[in-house]
Amino acid sequence: MNRCAGFCAVAFLAAFTTVAAAEVRTVWLDDLELGLIKQGWGKATAKKSVQGKPLRMQGKTYDRGVGSHAAGSFYVELDGNTKRFQTSVGVDNNSNGPGTISVTLVGDGKVLFRSPVLKNGEAPAVIDLDLTNVKLLAVRMDDGGDNPNFDHVDWADAKFTVEGADPKLVPRTYPHEEKVLRTPKPPQEPRINGTRVTAVRPGSPFLFRIAATGVRPMQFSANGLPAGLALDQGSGIISGTLADKTPATHKVTLVAENAHGKAERELRIVVGDTLALTPPMGWNDWYAHYDRITDAMMREAADIMISTGMADVGYQYVNIDDCWMTFAKHKDPKRTGPQRSDKGDILPNAYFPDMNAMTDYIHAKGLKAGLYTSPGPLTCAGCEGSYDREEQDAKQFAAWGFDFLKYDWCSYTKKAANKSLEEMKKPYIKMGTILKTLDRDIVLNLCQYGMGFVWKWGAEVGGHCWRTSGDLGFELDRYHDVARRNAEHWEYAKPGAWNDPDYLLIGYVGAASEMGEPIACSLSPNEQYSYMSLWCLMASPLFYSGDMTRLDEFTLNVLCNPEVIDIDQDPLGAQGHPVVRRDDDTEVWTKPMEDGSLAVGLFNRAEAEQPVKVAWSEIGLKGKQRVRDLWRQTDLGVFEETYSVPVGRNGVMLLRLWPEK
Ligand code: GLA
């Protein structure tokens, strides 16, 4: 049989028809798969505002279009034959709120349209874009420079004029970017890294591993170590209990030596009541293992923290999140069982057969161990919480040898008498007070998602760091907006009191909603460097929460730059924040450092490369400045009044400036 006879004729005819009469059609944005529009609040809605009301701007209603909310973004895949995109965009007029937004539309990495700040009650911006040959339209909705309150965005009459395939909303994507390794390989000679100041309460056990890069074997020594502490010369682990319990600051000179050279650095050991004098650093298992976590995985993470060199730049805590206890019900029977012993002691599930053996294992490496519970009857994942057993549990955690506690509100809502500030503080005051009575130092992390302006009272109730918002895993692509929100509370950060914008979710991480196996992070390489820079500028706790067994060279490069980490760990404890924000989507963040220098982040939040500039006068500086590129660890020179540099899409240039004498 000649198979081609019929088939080929049809194919030929079809091709001929397409070429001869390329049909010009209208495709409405409201007919596309709107679930792919990412936004800060609510859901993108067809033909209605984000509140489900008729689309309305400056008193005029529109039958077609999409109601959305800033900050947000969407990506439209085109085949090059979409001719136009037309819409009127502005703030929906149904609410009386002071919404302000701006939008940017980028075609294949080139800015095609940038609106001014659009306000509620004002005329929408009319957009009519030529999209010929464009393959990817990236749309960003921003908060207009203030905050996202009432930022209801209407894309009225939004439509594409199409000659080829239908435009398609696609998940977040970005033009190809090389995974450039910015952090140089550590030199062979020793460099001492991480915190320069550490605290211990009078009488508590002390443990500190000197973080140092450089070729092993390395020989450590410490001059001025207070009596009661001993240093292991081969591993650099200092441990013991200080003989003198008087509050004091002991200045110790740490020395690391190998075949290639010698490094010295001062470490201040502060005997006093305030812990976490610099933001805690480490790993938390949540976004890698969820309800699959085991003792073996925790030990493995500790091993990897050492073998990858993470511990050599200052990572220290190895923390279990939720799910180490038993569940009432779980698909894995080994995770169920009695919640407490006859004496009421909390019981770990069968995957944690011996907590003391596990913390001993972690401590033997000079690292510290952390765990998690809730003040409510159940944790967020549904395990046994500490409600009404706070003291018994806290004592148990100390007896098991833990050094860090994440205290997650979760089901406490059911126990709080009302929504008053007093009720919000209550469980944290309780735990904070109990921890102070223990003979072990336990850093307390308040996890209650920023309720009741926790940054104003977190330290006073005994917390050392507090989450300022919900789970970052639900809005990772908005890490920069999350950072901006967290940075609004910069005045409250100080040694022992840190705003926590949540974990470092790069490498292989699971999706917060599914709790599935980790997948490759969806942020671009530039974005990952920006993310880490923001976290360091904000003096955030630095907890990596991806899969330790799948750390690759690039992820480690982002996580392990000692000069970048120095910004985070600076003993002054100031939190950086944005000081200049321009309409072209560039931002300048600054963070004052203890030595009188200034850390400066130049951020480009646009979808395309552009120069980002800073004038010394804008950031409170006078005179010549010596400028260093921290990611690449190179001096850029001395600059008189300004500095400007091209920065890639969603990228950063992280600098440190010293006044030039
Ligand atoms: C909450 C917290 C997360 C994580 C989970 C565990 O969602 O915010 O960080 O601890 O609970 O269930």
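Applying a 10 Å radius around every beta-carbon, put 610-620, 366-376, 83-93 in order of their mean neighbour count, most first.
366-376, 83-93, 610-620
How many angstrom separate the Cα center of the stretch 401-477 from the Cα center of the stretch 296-341?
When both Cα centres are located, 21 Å separates them.
When the expected Rg is taken as 2.2 N^0.38 Å, what fraction or multiple of it is the alpha-carbon Rg of the stretch 19-152?
Cα Rg divided by the expected 2.2 N^0.38 Å: 1.04.
Among bridges DSSP assigns within the chain, what percent are antiparallel (round to 5)?
Antiparallel bridges make up about 80 percent of those DSSP assigns within the chain.
Per-residue ellipticity at 222 nm for the chain, helices alone: DSSP H runs ≥ 4 residues times -39500 (n - 2.57), over residue total, nearest 500 deg cm²/dmol?
Computed mean residue ellipticity for the chain: -5000 deg cm²/dmol.
Could you compute how fast the stretch 352-394 diffuses translationally, taking Rh as the Kirkwood radius over C-alpha pairs and applying Stokes-Einstein at 20 °C with viscosity 1.002 mPa s? Give it in µm² per second. Spell out each step's value before the answer.
Working: Rh = 11.8 Å.
Calculated translational D: 181 µm²/s.
Could you tell me the center-to-center distance, by alpha carbons, between the stretch 68-112 and the stretch 548-577 in angstrom?
34 Å
May I have the extent of the alpha carbons of the stretch 422-513 along their three principal axes, as whole Å values ordered from largest to smallest?
40, 27, 26
Taking the highest mean first, how do the peptides 255-265, 210-220, 401-411 order by number of other beta carbon atoms within 10 angstrom per residue?
Per-residue Cβ counts within 10 Å, averaged per peptide and sorted highest first, yield 401-411, 210-220, 255-265.
For the stretch 224-314, what class follows from the C-alpha gyration tensor (a ≥ b ≥ c being the square roots of its eigenvalues): rounded when a/c is under 1.5, otherwise prolate if a/b is larger than b/c, else oblate?
Note, shape of the stretch 224-314 comes out oblate.
Name the shape class, rounded, prolate or oblate, that the alpha-carbon gyration tensor gives for the stretch 170-247, where a ≥ b ≥ c are the square roots of its eigenvalues, rounded holds for a/c under 1.5, and otherwise prolate holds if a/b is larger than b/c and oblate otherwise.
Note, shape of the stretch 170-247 comes out oblate.
Please tell me which of these pairs span more than 31 angstrom C-alpha to C-alpha: Lys38/Lys415; Lys334/Lys414; Lys110/Lys168; Lys159/Lys613; Lys436/Lys494; Lys60/Lys83?
Lys38/Lys415; Lys159/Lys613, as the Cα separations exceed 31 Å there.
Above 32 Å lies some portion of the pair distances; for the stretch 281-568, what is it as a whole percent of all C-alpha pairs?
The answer is 19 percent, as a whole percent.
Which semi-axes, in whole Å and largest first, does the equivalent ellipsoid of the stretch 577-659 have when worked out from the alpha carbon gyration tensor as the square roots of 5 times its eigenvalues? Intermediate results must be reported in sequence, preceding the final value.
Details: eigenvalues 80, 36, 26 Å².
Result for the stretch 577-659: semi-axes of 20, 13, 11 Å.
Need the list of aspartates and glutamates near Lys661 for cross-linking: C-alpha distance under 17 angstrom, and skip anything on the same chain fewer than eight residues off.
By straight Cα distance, Lys661 reaches Asp595, Asp635, Glu640, Glu641.
Going through the cross-link list Lys185/Lys368; Lys119/Lys622; Lys365/Lys425; Lys53/Lys135, which pairs have a Cα-Cα distance over 31 Å in this structure?
Beyond 31 Å between Cα atoms: Lys119/Lys622; Lys365/Lys425; Lys53/Lys135.
If we sort 35-44, 384-393 on the protection proxy, mean other Cβ atoms within 10 Å, highest first, what's the order?
Ranking, from highest mean packing down: 384-393, 35-44.
Counting each pair of different Cα atoms once, what's the Kirkwood radius of the stretch 288-391 in Å, rounded to one decimal?
With all distinct Cα pairs of the stretch 288-391 included, I get 14.5 Å.
Subtract the Cα-Cα distance of Arg114 and Asn149 from 0.36 nm times their separation in residues, and report this length gain in nm to one decimal.
The Arg114-Asn149 span can extend by a further 10.5 nm.
Can you list the residues, at least 5 places off or on another chain, whose amide H is less than 5 Å from the amide H of Gly337, using H built in the peptide plane?
Placed amide hydrogens put Phe327 under 5 Å from Gly337.
What's the extension gain from Ala227 to Asp635 if we count 0.36 nm per residue and subtract their Cα-Cα distance?
142.8 nm
Within the P(r) computed for the chain, what percentage of the Cα pairs occupies the region above 32 Å? Spell out each step's value before the answer.
Numbers: 119311 of 218130 pairs.
That fraction is 55 percent.
May I ask for the Rg/Rh ratio of the stretch 460-576, computed from Cα atoms with Rh as the Kirkwood radius, given to two decimals?
On the way: Rg = 14.0 Å, Rh = 14.6 Å.
Rounded to two decimals, Rg over Rh is 0.96.
Can you tell me the FRET efficiency between Asp477 and Lys53 if r is taken as the Cβ-Cβ distance and R0 is 30 Å, rounded to the nearest 0.05?
Approximately 0.65, to the nearest 0.05.
Using θ = phi - 60° and the Karplus form 6.51 cos²θ - 1.76 cosθ + 1.60, what ³J(HN,Hα) does each residue of the stretch 548-561 get, whole Hz, x for Gly and Pro?
5, 6, 10, 5, 10, 4, 5, 4, 5, 5, 6, 7, 10, 9
Please give the length that would be gained between Ile519 and Ala364 if that part of the chain were fully extended, namely 0.36 nm times their separation in residues minus their C-alpha to C-alpha distance (nm, one decimal).
52.7 nm
Since every read-out is calculated from the coordinates, none of them should be taken as a lab result. Everything quoted here is computed from the prediction, not taken from an experiment. Note that we place each Cβ from the backbone using ideal geometry, even for glycine, and neighbour counts take in every protein chain shown.
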